[in-house]
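So the structure is just underneath, and the comments pick up after that.
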Amino acid sequence: MSYLILVRHGKSEWNEKGLWTGFTDIPLSESGRNEAKKTAAAIKGLPIDLVYTSPLSRAKETLSIIMNALGQSAPVKENFALNERDYGIYTGKNKWEVKEQVGSDEFKKIRRSFAHPIPKGESLKMVYERVIPYFEKEILPQLKAEKNVLVSAHGNSIRALVKYLEGVSDEKIADVEIQTGEAWVYKMARNGKVISKEIRAENLERI
């Protein structure tokens with residue numbers, strides 16, 4: 001048995017302004033740093049053997065805060081495959097202003113659907129197609145070897161992993177949202193299958 005801990009980074013400065021960030025390397029806000037400390041408290045007691053992160057500073061800083069707060073150290077692997085979704089022409093734009101411009105139906109497709117295209121950007125399907133091969137090659141073998149793994153990443157790269165781990169349909173993935181600072185903790189069997197899941201944030205747990 002092992003644990004897979006999926007952590008969405010704390011709030012970035014652009015998150016607080018309601019801007020789509022994507023590949024833009026925006027640092028954590030002060031409240032985002034506080035969220036990361038609370039995430040650490042929520043997963044306290046889980047030993048971590050290996051850590052994976054995207055190259056973006058908001059994910060790396062969240063990881064650093066968590067590991068320092070836990071008083072743990074572990075080998076860190078950084079890979080572009082875990083990056084946030086590329087929001088293309090919507091990068092840097094206020095999401096609520098975009099909603100007013102395109103209407104609620106189109107906005108929901110842009111924001112949450114699996115395969116809806118974004119000009120010069122990525123759909124969640126495209127994110128899935130880079131995240132999952134990396135997970136299967138690099139992370140899943142560690143879980144099968146009963147290593148506890150923490151992944152510090154982003155809303156959409158984690159949604160891709162949730163879809164894979166839980167077998168969520170293309171339609172139902174639109175209802176899955178990962179809040180900043182949340183830790184999705186999966187108990188994994190040696191065959192790589194999920195035994196159970198907890199969602200932890202700010203010392204609270206929700207199933």
Legend entry - Over the range 24-104 - Rg/Rh using Cα atoms and the Kirkwood inverse-distance radius: 1.08
Legend entry - Residues whose placed amide H lies under 5 Å from that of residue 3, excluding near-sequence neighbours: 148, 149, 188
Inset, instruction - Give the label of the value calculated from the structure for Cα Rg over 2.2 N^0.38 Å, choosing from (1) 0.97; (2) 1.21; (3) 1.09. - result: (1)
Legend entry - For 87, 186, order by how many other beta-carbon atoms lie within 10 Å, fewest first: 186, 87
Legend entry - Extension gain from residue 179 to residue 99, taking 0.36 nm per residue of separation minus the Cα-Cα distance: 26.8 nm
Legend entry - Helix axis angle, 57-70 relative to the chain longest principal axis, alpha carbon, degrees: 30 degrees
Legend entry - Least to most buried among 116, 9, 154 (fewest other Cβ within 10 Å first): 116, 154, 9
Legend entry - Student exercise, the range 2-206 dipole from Lys, Arg, Asp, Glu Cβ charges, in Debye to nearest 20: 320 debye
Inset, instruction - Using a cut-off of 11 Å between beta-carbons, work out the net charge of the residues near residue 69 (Lys and Arg +1, Asp and Glu -1, residue 69 not included). - result: +4
Inset, instruction - Give me 130, 200, 190 ranked fewest to most by other Cβ atoms within 10 Å of their Cβ, as a rough exposure proxy. - result: 190, 130, 200
Legend entry - All-pairs alpha carbon distance profile, the range 144-207, 10 Å steps from 0, percent: 19, 53, 27, 1
Legend entry - Rounded to 10°, Cα long-axis angle of helix 30-42 versus longest principal axis of the chain: 40 degrees
Inset, instruction - Count the lysine pairs in the range 99-142 whose Cα atoms lie under 20 Å apart, taking only pairs 8 or more positions apart in sequence or on different chains. - result: 8
Legend entry - Relative contact order for the range 2-206, counting Cα pairs under 8 Å that sit 6 or more residues apart, in percent: 33 percent
Legend entry - Most fluctuating residue given options 12, 73, 54, as computed from a GNM of the chain linking Cα atoms under 10 Å: 73
Inset, instruction - With θ set to phi - 60°, apply the Karplus curve 6.51 cos²θ - 1.76 cosθ + 1.60 along the range 185-201 and write out the HN-Hα couplings as whole Hz, x wherever there is a Gly or Pro. - result: 9, 9, 8, 10, 7, 5, 8, x, 8, 6, 8, 7, 9, 10, 10, 10, 7
Inset, instruction - Could you name the aspartates and glutamates whose alpha carbon sits less than 16 Å from that of residue 147, not counting residues in the same chain fewer than 8 places away? - result: 49, 136, 138
Inset, instruction - For the chain, find the longest principal axis of its Cα atoms and tell me its angle to the long axis of helix 124-134, 0 to 90°, nearest 10. - result: 20 degrees
Legend entry - Residue among 51, 98, 162 with the largest mean-square fluctuation in a Gaussian network model of the chain, springs linking Cα atoms under 10 Å: 98
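Each value in this text was obtained by applying a stated rule to the coordinates, not by laboratory testing. Not measured: the values here are computed from a predicted model. Here Cβ is always computed from backbone atoms with ideal geometry, including for glycine, and neighbour counts include all displayed protein chains.
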